[in-house]
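J.: Below is a structure I'd like to ask you about.
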Amino acid sequence: MITAEGIAARLAPLDAIGVGAQGVWRMAWTDEDAACRAWFEEQAGRGGLVARRDPAGNLWACPDSEPPWWGLGSHLDSVRGGGRFDGPLGVACAFEIAAAVDRPLAVLSFADEE
C-alpha cells in the first residue's frame, strides 16, 4: 500500500540537500544535484532496479527484464529558491508505485528539467 508516511520516509534523506534561508537550491549539475542523483541510485538498488544514465544525463531505474515497461518519474533539480518537493516528490512517488505494483515499471529522473 502506498502511504504518505512511506513517501515521506523515502524523501527524508533529501531534506537537508540544498536547503538554505532562501529556499531550496538544487540546480542541475551541482554538488546538490549529484547528492540527489546518489539518492536515486540508492533507491533503485533498494527496489531491485538497475540504475542507468542515458546520453542526455537522464536517470533510469529499470527492471531486470526486457522492455516494454511502464515509466514514471519527474526530476531532481529545483528552480532557484524552490521548495523541498519541487521534482523529487514525483520521483519518490514513482519509486513507491514501482515497489507496490506487480508490473515492470521504470523510474525516471529527467536531467536539467528546470
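The values are calculated or read from the model by the stated rules, or taken from the named source; none is laboratory data. Here the structure is a predicted model, which means the values were calculated and not measured. Here the Cβ positions follow ideal geometry from the backbone for every residue, glycine too, while neighbour counts run over all protein chains shown. Keep in mind that these areas ignore ligands, DNA and RNA; they rest on the heavy atoms of the full protein, side chains included. Shrake-Rupley method; radii C 1.70, N 1.55, O 1.52, S 1.80 Å.
J.: Give me the residue from the range 19-50 that is touching a Cys at 6+ places or on another chain (Cβ under 8 Å) and open to solvent by 20 Å² or more (accessible area, probe 1.4 Å) and, out of that set, nearest to Val101 (Cα to Cα).
T.: Per the criteria, the residue is Leu49.
J.: Also, quick follow-up: Based on this model, can you work out whether Gly73 counts as buried (at least 19 other Cβ atoms within 10 Å of the Cβ), more than 11 Å from Ala92 (Cβ to Cβ), of a type outside the set (A, V, I, L, M) and in contact with a helix residue (DSSP H, G or I) (Cβ under 6 Å, 6 or more places away or on another chain)? Break it down stepwise before answering.
T.: On the way: buried (at least 19 other Cβ atoms within 10 Å of the Cβ): yes; more than 11 Å from Ala92 (Cβ to Cβ): no; of a type outside the set (A, V, I, L, M): yes; in contact with a helix residue (DSSP H, G or I) (Cβ under 6 Å, 6 or more places away or on another chain): yes.
For Gly73, the condition - buried (at least 19 other Cβ atoms within 10 Å of the Cβ), more than 11 Å from Ala92 (Cβ to Cβ), of a type outside the set (A, V, I, L, M) and in contact with a helix residue (DSSP H, G or I) (Cβ under 6 Å, 6 or more places away or on another chain) - is not met.
J.: Next question. Looking only at the range 1-15, count every residue that is among the small types (Gly, Ala, Ser) and touching an Asp or Glu at 6+ places or on another chain (Cβ under 9 Å) and tell me the total.
T.: Number of matching residues: 1.
J.: Is there a residue being in contact (Cβ under 8 Å) with a residue 60 or more places away in the chain and of a type in the set (S, T, N, Q) anywhere in the range 73-80?
T.: yes
J.: Here's another thing I want to ask about it. For the range 21-56, give me each residue that is among the acidic types (Asp, Glu) and in a loop (DSSP other than H, G, I, E, B). Quick ask: steps written out before the conclusion?
T.: Initially, the range 21-56 is screened for residues among the acidic types (Asp, Glu), giving 31-33, 41-42, 54.
The answer is Asp54, and nothing else.
J.: Going residue by residue through the range 33-49, is there one that turns out to be in contact with a strand residue (DSSP E or B) (Cβ under 8 Å, 6 or more places away or on another chain), touching a residue at least 24 places away in the same chain (Cβ under 8 Å) and of a type in the set (A, V, I, L, M)?
T.: yes
J.: When you check Ala92 against the structure, is it within 22 Å of Thr3 (Cα to Cα) and not aromatic (Phe, Trp, Tyr), yes or no?
T.: It is true that Ala92 is within 22 Å of Thr3 (Cα to Cα) and not aromatic (Phe, Trp, Tyr).
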